[in-house]
Amino acid sequence: MRSDENFAVGDAFSIPTRYELNECFGYYAYNEYRGRECKESNRASDDMPLILNCAGFFTSKHPFSPDNVHGRLDYYLMYINSGCLTVFNRDTPIEVGAGSLIIFRANERYRYASRCGDTLSYFWAHFTGSEVEKRLSEYAIECFPAVHSTEAQNHIPHRFRTIFDAFPKP
């Protein structure tokens, strides 16, 4: 794992894949397999202030609806690049669109659905660390059900590309 005093990025690999109209890729700090098809980097750690477990991009025209009842061990950041998504706060639907940023807290259920028929694309990152709560508070960033509007900030996709570049390539 490469690191400096505040941030760690593990040895990673990228996964370019195409499924009909779907396209996704991800960079993973830890190589873990669940079955033969799923690569996952779901872990909590307080070894460093901030640790990026994995990050990537997803796009699809097809409807889908993940429901992670127990959440993940790490935080999940999602930035909607295009299209719309319905995110559920318990059973209450919240419609979000391009420019929206959501952070799901560790160990809490998250559920969302793409049904609108438009192409949905989003960048995602999973992170952990001993100072996550402190940093979120310091920058006044609330976790879901707060939805942050970033429409005037076109640099966010570029920032994700910078994150992708931080991962070592195979």
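The values are calculated or read from the model by the stated rules, or taken from the named source; none is laboratory data. Here the structure is a predicted model, which is why all the values come from computation and not from measurement. Neighbour counts are summed over all protein chains in view; Cβ atoms, including those assigned to glycine, are modelled from backbone coordinates with ideal geometry. Heavy atoms of the whole protein, side chains included, go into the accessibility calculation; ligands, DNA and RNA do not. Shrake-Rupley method; radii C 1.70, N 1.55, O 1.52, S 1.80 Å.
Of the residues in segment 35-46, at least one is among the charged types (D, E, K, R), farther than 27 Å from Asn89 by Cα, at pLDDT 60 or above and surrounded by fewer than 12 Cβ atoms within 10 Å (Cβ to Cβ). Restricting segment 104-132 to residues that are under 21 Å from Ile163 (Cα atoms) and hydroxyl-bearing (Ser, Thr, Tyr), the residue that is surrounded by the most Cβ atoms within 10 Å (Cβ to Cβ) is Tyr122. Residues in segment 143-166 that are touching a strand residue (DSSP E or B) at 6+ places or on another chain (Cβ under 6 Å) and assigned to a loop (DSSP other than H, G, I, E, B) were compared, and the one that is most open to solvent (accessible area, probe 1.4 Å) is Pro145.
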